[in-house]
Amino acid sequence: MDQNVEEIQQNLLKFGCCRVCAVRHLTKPSAINVKTLIAASEQDHDEPKRLKKNPCIACLGLFQNPQKDDIINKIISYLKTSKYDSDTFNLAFNLPMCTIIRGHSIALYVSKLRITFNPTFPTAFVCAKDAWKLMAEDAIVKATGKRFDVHSPLLVTVGFHYKDIKDECDCLNAIIKLSNKNLHNILSQMDNKDFVSQYGEMPSVPESVIEFKSVDARHESVYIAGRYNKWSRTLSQTPWIVDQERRLESSVEEIISDPIKKRALADEFKFSASGREDIDVRMLGRGRPFAIELVNPKLTKFSYEVLREIENEINTDPQVTVTHLQNVVRDQLKELKSGEEFKIKVYKALCYVEGELPDMEKLNNCAPLEILQYTPIRVLHRRANMVRPRTIHSMKAVATKVGTDNGCSFFNVILSTQAGTYVKEFVHGDFGRTNPCLRTVLENDTVDILALDVLDIEIDWPTPVKY
């Protein structure tokens with residue numbers, strides 16, 4: 001070790017640094033060696049040479065035993081009992097901001113003594129968080145079997161408390177507003193002489209040790225996609241709640257999502273689909289594409305076999321059938337959302353007219369048809385009143401019979417439309433708010449709709465599963 005560095009290290013020990021902090025404050029981040037840190041910790045524990053038996057003036061006891069080992073054991077215990085199945089983990093520390101201020105103070109002292117550095121700027125050193133992660137990583141990996149990875153989807157956050165934090169920060173708050181956000185930048189912009197005059201040449205010896213507060217974890221969201229058919233005309237896509245009162249017992253969202261959430265042990269889920277059908281509209285054909293975001297899931301490994309089991313569980317409900325369940329990533333959801341606005345949708349509308357059936361060729365020959373639709377009266381309470389241009393790409397009308405003769409004629413219309421078309425209103429005109437409509441094309445004001453089915457949503461998403 002350089003003689004100058006050795007002398008500075010001894011000075012830091014005399015001031016009250018633990019050996020780990022004395023080493024890391026004299027080590028560039030690019031030159032850090034975990035073996036050196038561990039050796040310093042063991043030497044500090046077995047043969048303490050510091051003149052002051054106190055919590056470290058830099059880390060407030062974070063690297064000192066029994067505190068260090070206790071924190072590691074709490075993290076290990078949490079990971080073993082929390083049921084997260086991630087093979088990797090990352091660590092985050094919420095340290096009191098006075099540890100950053102203390103580190104800044106020591107760095108100023110070191111740079112002042114170390115003639116090879118610019119004395120007006122703190123020397124670059126290994127921060128407490130990075131050093132602690134390096135030292136704790138091996139023990140946590142061996143005990144849990146999980147690998148440490150800075151890109152892990154599982155982030156373990158450890159929180160700490162220091163009872164004297166207010167007193168320590170008040171002296172600096174008098175000249176500059178401190179904040180946990182960008183504290184390093186705030187201190188670097190502060191004049192060094194002003195800092196020393198308010199805070200002192202070196203941090204004071206702490207009267208209390210930093211205390212462990214909490215350990216928690218959060219896994220990145222996991223996404224599962226598929227297609228669903230809805231066979232019921234009395235089931236909403238999402239929970240129907242009016243004035244905090246539930247109107248229907250269930251919904252497509254809940255029937256699909258609840259079994260998946262239960263398997264994943266997720267905190268919550270977010271359901272999204274390529275459009276939506278009304279309560280009284282069936283979703284037939286290939287089904288409607290949908291995706292579920294599982295928020296903070298503990299179990300994330302959905303194999304082909306597990307996904308088929310979930311499908312079978314969902315499909316025990318006669319109202320809904322799910323197919324092609326699969327894992328997807330967040331970026332793939334862009335295509336799902338684009339389908340809401342830009343894809344073609346195919347419907348079958350069962351319509352009727354009083355008296356004899358009009359000439360169906362009027363419908364069969366009029367597409368493609370450009371229409372204008374004002375916001376339907378039935379949804380004005382929740383959507384802005386505006387006009388929407390829409391396209392009917394194709395239309396085929398065929399006469400049919402329904403029940404007994406009641407003075408009406410019935411016909412089915414199969415039509416493909418631009419996404420976002422209000423098909424019910426296209427049939428009856430919504431008091432003139434949709435124009436043209438079937439009433440105007442057939443020149444008959446008694447045309448109306450009895451039932452509507454979605455036959456297809458022309459979006460090839462997600463990728464079909466091979467059964």
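The values are calculated or read from the model by the stated rules, or taken from the named source; none is laboratory data. Quantities reported herein were computed from a predicted structural model and do not represent experimental measurements. We place every Cβ from the backbone using ideal geometry, glycine too, and count neighbours over all the protein chains shown. In case anyone asks, the SASA skips ligands and DNA or RNA and just uses the protein heavy atoms, side chains included. Shrake-Rupley method; radii C 1.70, N 1.55, O 1.52, S 1.80 Å.
Tabulated values for the structure
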read-out: For the chain: accessible area per residue (Å², 1.4 Å); value: 51 Å²
read-out: For the chain: relative contact order, % (alpha-carbon pairs under 8 angstrom, 6 or more apart); value: 13 percent
read-out: T99, T81, T440, ranked by accessible area, largest first (probe 1.4 Å); value: T81, T440, T99
read-out: Degrees separating the helix 128-144 axis from the principal Cα axis of the chain, which is the longest one; value: 70 degrees
read-out: Hull volume in cubic angstrom per residue (convex hull over the Cα atoms of the range 420-467); value: 102 Å³
read-out: Computed Rg/Rh of the range 328-467, alpha carbon atoms with Kirkwood Rh; value: 1.03
read-out: Helix axis angle, 333-342 relative to the chain longest principal axis, alpha carbon, degrees; value: 30 degrees
read-out: Of all accessible heavy-atom area on the chain, the percent that carbon and sulfur account for (1.4 Å); value: 50 percent
read-out: FRET E, pair N365, K334, Förster distance 45 Å, beta-carbon r, rounded to 0.05; value: 0.75
read-out: Cα-Cα over 25 Å, subset of K35/K112; K262/K301; K261/K337; K129/K193; K261/K424; value: K35/K112; K129/K193; K261/K424
read-out: Projected area, mean over directions - the chain, Cα convex hull, nm²; value: 31.2 nm²
read-out: Gap separating the Cα centres of the range 250-288 and the range 325-362, nearest whole Å; value: 18 Å
read-out: Calculated FRET value between I414 and E341, using beta carbons and R₀ = 35 Å, to 0.05; value: 0.95
read-out: In order through the range 279-284: 3J(HN,Hα) via Karplus (6.51 cos²θ - 1.76 cosθ + 1.60), integer Hz, x for Gly, Pro; value: 4, 8, 10, 8, 10, 9
read-out: Neighbour cut-off at most 15 other Cβ (10 Å), DSSP loop, trypsin sites (Lys or Arg not before Pro), the range 298-390; value: K301, R382, R383
read-out: Using alpha-carbon coordinates, inclination of helix 97-113 to the longest axis of the chain, degrees; value: 40 degrees
